[in-house]
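Trainee: Once you've had a glance at the structure underneath, I'll fire off some questions.
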Amino acid sequence: MHVLVVGGSGLLGLEVTRQALAAGHSVTATFHSGAPSLASVAWRSLDIRRRDDVGALVDAAGPDVIVNAAYRQADWVTTAEGATHVALAAAVTGARLVHVSSDAVFSGAAVRYDETHVPDPTTPYGAAKAAAETAVKGIIPSAVIARTSLIIGDGASRHEKHVHALAAGAGSGFLFTDDVRCPVHVTDLASALLELAASPYAGIHHVAGADAISRYELGALIAGRDGLDPAALPSGPRASAGFPGPIDVRLDCTMTQARLNTRLRGAREFLPARQRGTM
Ligand SMILES: NC(=O)c1ccc[n+]([C@@H]2O[C@H](COP(=O)([O-])OP(=O)(O)OC[C@H]3O[C@@H](n4cnc5c(N)ncnc54)[C@H](OP(=O)(O)O)[C@@H]3O)[C@@H](O)[C@H]2O)c1
């Protein structure tokens, strides 16, 4: 199978690329600011805001499957219009599309969300992700739209870097004790996306971790895994701080998990504590 990973240079896209290669697929992957050094991949520069460029690249690569993990949190054009360009190109070539979305499409009013809930975003980023979902669904009804939550790696995610900075007294801000999500490990997420790509399923799927935990608990788990002192992490409630955006959003993955061999571990499982000072 030939897999095209759009946003292959990002945290998730790189892991999808690695796993697709390991499974014996040929892989074309795109970057925007710089190509990673991973070999055996056909790296291509792409700006998904440019509709014609996206069409030309997909036409030339001729993939069986496209996984779209590209986005820019503060840029509507990349996140919403870029996703539309990828879906249009996939429709022209007949490629199977797996589009990555976010729990940010929800306001948190319902707290627990399964795949039947319709988006009610309250932030520009959430609105862009919801618009992208609508476009993808309208252009390719058979596409998979995979909503996920905080993506954690083995130190590489921005969430882990933020915790490391706070633990070192170098970062600003604090970790919310009331802001709840379902963090997922990037290896579980990438594996699930490739499984869904090879499946006959269509439409919305929730692909997040099994544990609903606060950002502070997540930070403490990261610190514990990395031999740092959780007590050094500044913490406090988000609700009283007046930050905009959803507070408590829990993706219910029951339906999707039943369709997968990949087990979507919770953060308490994939972030085991280790001895301090062994990092
Ligand atoms: N990270 C999370 O906690 C989280 C939570 C929920 C949902 N998600 C979703 O998961 C997906 C992947 O997230 P991630 O954390 O892996 O993101 P990431 O590490 O920030 O990677 C983003 C990717 O998009 C590419 N990109 C940015 N602007 C582009 C443009 N104009 N044209 C083409 N490519 C562009 C980047 O390329 P360069 O790096 O080369 O510039 C990079 O490959 C996204 O759909 C995101 O909405 C993420």
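Every read-out reported here was derived from the displayed coordinates using simple, explicitly stated rules and does not represent laboratory data. These numbers were taken from a predicted model, which means no experiment stands behind them. Because the Cβ atoms are built from the backbone with ideal geometry, glycine has one as well, and the counts that use them run over all protein chains shown.
Trainee: Okay, which of the range 163-191 sit inside 11 Å, backbone N to the point 7 Å along the Cα-Cβ direction of Ala241?
Mentor: Once the point is set 7 Å along Cα→Cβ of Ala241, 172-179 turn out to lie under 11 Å by backbone N, inside the range 163-191.
Trainee: Also, quick follow-up: May I ask for the net charge around Tyr113, where only other residues with Cβ less than 12 Å from the Cβ of Tyr113 are counted and Lys, Arg are +1 while Asp, Glu are -1?
Mentor: Details: positive: Arg112, Arg147, Arg181, Arg250; negative: Asp103, Asp114, Glu115, Asp120, Asp248, Asp252.
Once positives and negatives cancel, what remains is -2.
Trainee: Tally Lys and Arg at +1 and Asp and Glu at -1 over the other residues with C-beta under 11 Å from the C-beta of Asp59: what net charge comes out? Don't skip to the answer; put the middle values down first.
Mentor: Values: positive: none; negative: Asp52, Asp53.
Summing Lys and Arg as +1 and Asp and Glu as -1 gives -2.
Trainee: Taking Cα atoms of the range 169-241, Rg/Rh with Kirkwood Rh, to two decimals?
Mentor: That ratio is 1.11, to two decimals.
Trainee: Here's a follow-up. Based on a Kirkwood Rh over C-alpha pairs, give the Stokes-Einstein translational diffusion coefficient of the range 156-279 at 10 °C and viscosity 1.306 mPa s in µm²/s.
Mentor: Result for D is 101 µm²/s.
Trainee: Got the relative contact order for the range 151-192 handy, in percent, Cα pairs under 8 Å and 6 or more residues apart? Display every interim value, and only then the final one.
Mentor: On the way: 22 pairs, mean separation 20.0, N = 42.
In percent, rounded to a whole number, it is 48.
Trainee: Once label points are set 7 Å from the Cα along Cα→Cβ at both Arg72 and Thr123, what is their separation, rounded to one decimal in nm?
Mentor: With each label point 7 Å from Cα toward Cβ, the separation is 1.8 nm.
Trainee: Magnitude of the Cβ-charge dipole of the range 157-267, K/R +1 and D/E -1, about the Cα centre, nearest 20 debye?
Mentor: Numbers: 10 positive and 11 negative charges, 34 e Å.
Here the size comes out at about 160 debye.
Trainee: Report the label-to-label distance for Ser172 and Ser40 in nanometres (one decimal), using points 7 Å from each Cα along the Cα→Cβ vector.
Mentor: Roughly 4.4 nm, to one decimal.
Trainee: Mind jotting down the distance between the C-alpha centroids of the range 51-72 and the range 200-258, whole Å?
Mentor: A separation of 31 Å, based on Cα centres.
Trainee: Residues in the range 1-17 near a label at Asn261, defined as backbone nitrogen under 17 Å from the 7 Å Cα→Cβ point?
Mentor: Counting only backbone N, you get 1.
Trainee: Per DSSP helix of 4 or more residues, -39500 (n - 2.57); summed, then divided by the residues of the chain. What does that give at 222 nm, rounded to the nearest 500?
Mentor: For the chain, the value works out to -10000 deg cm²/dmol.
Trainee: For the range 127-186, what relative contact order do you get, as a whole percent, if you take Cα pairs closer than 8 Å and at least 6 residues apart?
Mentor: On the way: 36 pairs, mean separation 21.1, N = 60.
Contact order relative to length: 35 percent.
Trainee: Any idea how far apart Glu269 and Thr93 come out in nm if each label point goes 7 Å out from Cα toward Cβ?
Mentor: Reported label-point gap for Glu269 and Thr93 is 3.5 nm.
Trainee: For helix 11-22, what angle does its Cα long axis make with the longest principal axis of the chain, in degrees from 0 to 90 and rounded to 10?
Mentor: Roughly 60 degrees, rounded to the nearest 10.
Trainee: Mind jotting down a quarter of the surface of the convex hull over the alpha carbons of the chain, in square nanometres, one decimal? Mind dumping the intermediate values first?
Mentor: Details: hull surface 56.1 nm².
Over all viewing directions, the chain projects a mean Cα-hull area of 14.0 nm².
Trainee: Below 8 Å, C-alpha to C-alpha, sequence gap of six or more: please give me the relative contact order for the range 1-98 in percent.
Mentor: Details: 184 pairs, mean separation 29.3, N = 98.
The value is 30 percent.
Trainee: Could you please report the charge total around Ile213, scoring K, R as +1 and D, E as -1 over all other residues with beta-carbon less than 13 angstrom from its beta-carbon?
Mentor: Spelling it out: positives minus negatives among the neighbours equals -1.
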